[in-house]
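S.K.: This structure is in structure tokens; I'll ask about it shortly.
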Amino acid sequence: MAIIDFFDRGCSIDPDADYLIFGEQRTTYGEARLFTNRVANGLLDLGCRKEAKAAVWSANDPTGWLCTLAIWRAGMAWMPINPRNGAEENAYVLDTFDCEVLFFQSAFAAQVASLRPQLTKVRHYICIDGDVPDALSLPKWAATQSEACPDVQTDNDDVCALMSTGGTTGKPKGVMTTHRALQTMVANYLSALNYPADQKPVNLAAAPLTHTAGVFSLMATLRGGKVVILPKPDPALLLDAIEKHRVTEFFLPPTVIYVLLDLPGIAERDFSSLRYFLYGAAPMSPEKLRRALKTFGPVMIQAFGQTEAAASISCLRPEEHFVDGEIAPEARLSSCGRPFPFLRVTIRDDDNKALPDGQVGEICVAGDNVMKGYYQDAAKTAETVVGGWLHTGDVGYLDTEGFLHITDRKKDMIITGGFNVYSSEVEGVINSLPAVQDCAVVGVPDEKWGEAVKAVIELSPGKQVSAEEVIALCKGKLGSVKTPKSVDFIDRLPRSANGKVQKRDLRDKYWQGATRQI
């Protein structure tokens, strides 16, 4: 089975049904199938072999996503390129991971042209929405290709995607994701996102299709549902789309949810169509999660995963956000749910030995959703996958009810005076303050303690809180060791293109000229 089979299954339900909606533009399943057939045949005519790498450099756009489906139909490996990244970072990814075909929007033509001398492995450039010098015009080129479905044989262990890690701890690595891994991801989410047999999902792709929103749309697609694409996660567009299209499911990172919660009139909007509001990619403040549950209803579902595990490790289902009809206590809301059914999760020590419930160690995963390895990096693969267990780099524990709790990233743990301080625990307390939009806690140089705890805070618009108030709250809840010794306020926290706070950038600022002892 191949990933494109999920689309074909959805198409078989009703080829005349709407598949992609983008503003006033609508594409049916049948139209999408013929288009992807033509593009896939064109790729094969160009001599592209199975598992050859093809990238799509595009903002959220239906044609860009159809090119991804065509890449899979041709048996090739999709390389998602985040348009919000800098051009040089994208050039590094394209060159290092041996991209052979580059689909791109005309809006990025100037950047692509400037990078061509560096992209010596790219053999074919295809502009998806116009005529650009030295590039194929997708509409004209595809029109000359056969509409017949190409006969491409795939194996479950073929690489169907080469995902780039975020680069938060160094240069991005290429995660080789197989058909088997994405199939397992889909199966995991199908176990959590249930629908009546007669209801077709309406998926809203507001987050980048090059990140979580693209693969998350597969669950709706195989059920013959609609995918409503937004050009960006603009709050007003997003709320209007939910009401207009009667959206049943969508995903957003917590940073965008925080902005939504502060919008005037949010309580008066109609969210009655929603069944599943997925959140993930970063921890969410329990206090803000309570607000989200009151605003959007009992539809919140947390998804915890990472690129190396096909975005599916555990989930906190909607009903698990409640206990006896009331919003669950913080101990539950701060968890990331129970492990998905089609994998195993254990907590392991530095010697790769499993730890009992309640003990903190590294979260490790084994299952068919685990990556094939890092592209052309056997040493890093062997370091990360040990004895069949993927070492995620996340530190946490399993409680007696089977809920997984993340205490920190290994590299984000602060060691102050010999004590371990998990930054996420401190961030959870600070984020409970109504004036705080978001925060990051990092270790900074300290002559006495080696590292001192520092909080860097982004305030909500029009609101204020003092450093003294932050410190007093933390001291009362966490004790003196975990309490920030200093607080900085910042207009905007540095974030990756996918919304994750870049703690590495913050740490680098404070550690210039010093050596971090960890």
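The values are calculated or read from the model by the stated rules, or taken from the named source; none is laboratory data. Since we're looking at a predicted model, the values are computed, not measured. Every residue, glycine among them, receives a Cβ derived from its backbone with ideal geometry; neighbour counts consider all protein chains shown.
S.K.: Which one of these does Asp158 not meet: (1) surrounded by 22 or more Cβ atoms within 10 Å (Cβ to Cβ); (2) in the same structural domain as Phe35 (by TED's automatic domain parsing); (3) in contact with a Ser or Thr (Cβ under 8 Å, 6 or more places away or on another chain); (4) modelled with pLDDT of 95 or more?
M.R.: Status for Asp158: all satisfied but (1).
S.K.: Would you check which residues across the stretch 217-237 are among the hydrophobic types (A, V, I, L, M, F, W, C) and modelled with pLDDT of 95 or more and list them?
M.R.: Leu218, Met219, Ala220, Leu222, Val227, Val228, Ile229, Leu230
S.K.: Then there is this: Give the residues of the stretch 308-352 that are in a strand (DSSP E or B), of a type outside the set (Lys, Arg) and surrounded by fewer than 20 Cβ atoms within 10 Å (Cβ to Cβ), sorted by residue number.
M.R.: Of everything in the stretch 308-352, those that are in a strand (DSSP E or B), of a type outside the set (Lys, Arg) and surrounded by fewer than 20 Cβ atoms within 10 Å (Cβ to Cβ) turn out to be Phe322, Val323, Glu326, Ile327, Thr346.
S.K.: Return the only residue of Arg26, Arg38 being free of Cβ contacts under 8 Å to residues at least 24 places away in the same chain and basic (Lys, Arg).
M.R.: Checking each option against the conditions leaves just Arg26.
S.K.: Working only within the stretch 195-214, note down all residues that are at pLDDT 95 or above and either within 16 Å of Trp78 (Cα to Cα) or crowded, with 24+ Cβ neighbours inside 10 Å (or both).
M.R.: Listed by number, the residues that qualify are Asn203, Leu204, Ala205.
S.K.: Test Glu31 against the stated conditions and say whether it is surrounded by fewer than 24 Cβ atoms within 10 Å (Cβ to Cβ), at pLDDT 95 or above, in contact with a strand residue (DSSP E or B) (Cβ under 9 Å, 6 or more places away or on another chain) and on the phi > 0 side of the Ramachandran plot.
M.R.: Against the criterion (surrounded by fewer than 24 Cβ atoms within 10 Å (Cβ to Cβ), at pLDDT 95 or above, in contact with a strand residue (DSSP E or B) (Cβ under 9 Å, 6 or more places away or on another chain) and on the phi > 0 side of the Ramachandran plot), Glu31 does not qualify.
S.K.: A further question on this structure: Within the set of pairs 6 or more residues apart or between chains, which connect a residue that is closer than 14 Å to Val101 by Cβ inside the stretch 117-142 to a residue that is among the polar types (S, T, N, Q) and crowded, with 20+ Cβ neighbours inside 10 Å with Cβ atoms less than 7 Å apart?
M.R.: Pairs found: Ile128/Ser58; Ile128/Thr63; Ile128/Gln105.
S.K.: Going through the stretch 460-494 one residue at a time, which ones are modelled with pLDDT under 95, within 31 Å of the chain's Cα centre (by Cα) and not in a loop (DSSP other than H, G, I, E, B)?
M.R.: Correct list: Cys474, Leu478.
S.K.: Continuing with this model, one more query. If I ask for residues that are closer than 18 Å to Val101 by Cβ and assigned to a loop (DSSP other than H, G, I, E, B), which ones from the stretch 156-167 would you list?
M.R.: Residue satisfying the conditions is Asp158 alone.
A quick yes/no check of all residues on (1) farther than 20 Å from Leu94 by Cα; (2) among the aliphatic types (A, V, I, L, M); (3) assigned to a helix (DSSP H, G or I):
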| residue | (1), (2), (3) |
| --- | --- |
| Arg33 | yes, no, yes |
| Val39 | yes, yes, yes |
| Cys48 | no, no, no |
| Ala54 | no, yes, no |
| Thr63 | yes, no, yes |
| Ala70 | no, yes, yes |
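S.K.: Among the residues of the stretch 254-272, are any surrounded by 21 or more Cβ atoms within 10 Å (Cβ to Cβ) and part of a strand (DSSP E or B)?
M.R.: Looking through the stretch 254-272, none of the residues is surrounded by 21 or more Cβ atoms within 10 Å (Cβ to Cβ) and part of a strand (DSSP E or B).
S.K.: Also, quick follow-up: When you go through Gly367, Gly358, Gly396 one by one, which is the residue that is within 19 Å of Met185 (Cα to Cα), in contact (Cβ under 8 Å) with a residue 40 or more places away in the chain and small (Gly, Ala, Ser)?
M.R.: Result of the check over Gly367, Gly358, Gly396: Gly367.
S.K.: Still on this structure, I have one more. Is it the case, given these coordinates, that Ala435 is without any contact (Cβ under 8 Å) to a residue 12 or more places away in the chain, aliphatic (A, V, I, L, M) and closer than 24 Å to Arg291 by Cα?
M.R.: Answer is no for this residue.
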